[in-house]
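Take a look at the structure set out below.
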Amino acid sequence: MTDDLTPAALSAVQSRIEEIADQAGIEGHARLSVDDTLAALPWVLRRRLVLMLQSLKAFSPDPAVRAAADFFQIKAAKIWAAMPFQGHQDETTTDTTVLVEPRRTSSPAARGKKP
C-alpha cells in the first residue's frame, strides 16, 4: 500500500482535511501538524472527514489518492481512539438534564387480574 503513496496524493488529501478544519474554525497550535488538526476536529466534522476519505477510497480513479485516503483514515482512527470520547459536545452545546419520574404503582384491580 505504501508503494502507491506519492507526495502529490498525500498533499491533495491533506488539503481536503485542511478544508474541513477551516469549516471547524480550527486555528493556531491545533494546526501545527496533521495529527494536531485531526485531534482538534469536533465529532460532527470527524464524521464528515471519514465520509470524504471513504468516498476518495471508493471513487478516485487515481490509486495514489486512494492509498493516501486510506493512510489518513488509519491515522485519524489511531488519533481519535487514543482520545477520550467527547460525543456531540462543543462550545455551543448546553448540558442536558434528564428528569426521571418515579414509577407509579397501580393497584392490582387497575392492572387486571392474572389468570
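No value in this document is a laboratory result; all are computed from the given coordinates. Owing to the predicted nature of the structure, the values given are computational and were not obtained by experimental measurement. Note: ideal-geometry Cβ built from the backbone for every residue, glycine included; neighbour counts use all protein chains shown.
Points worth noting:
- Along its first, second and third principal axes, ordered by size, region 2-81 spans 32, 22, 21 Å in Cα coordinates.
- Using the Cβ-Cβ distance between residue 15 and residue 78 with R0 set to 25 Å, the FRET efficiency from 1/(1 + (r/R0)^6) comes to roughly 0.75.
- Summing charges over neighbours of residue 27, with a neighbour being any other residue whose Cβ is under 13 Å away from its Cβ, gives -2 when K and R count +1 and D and E count -1.
- The local environment of residue 17, defined by Cβ-Cβ distances under 13 Å, has a net charge of 0 under the rule Lys, Arg +1 and Asp, Glu -1.
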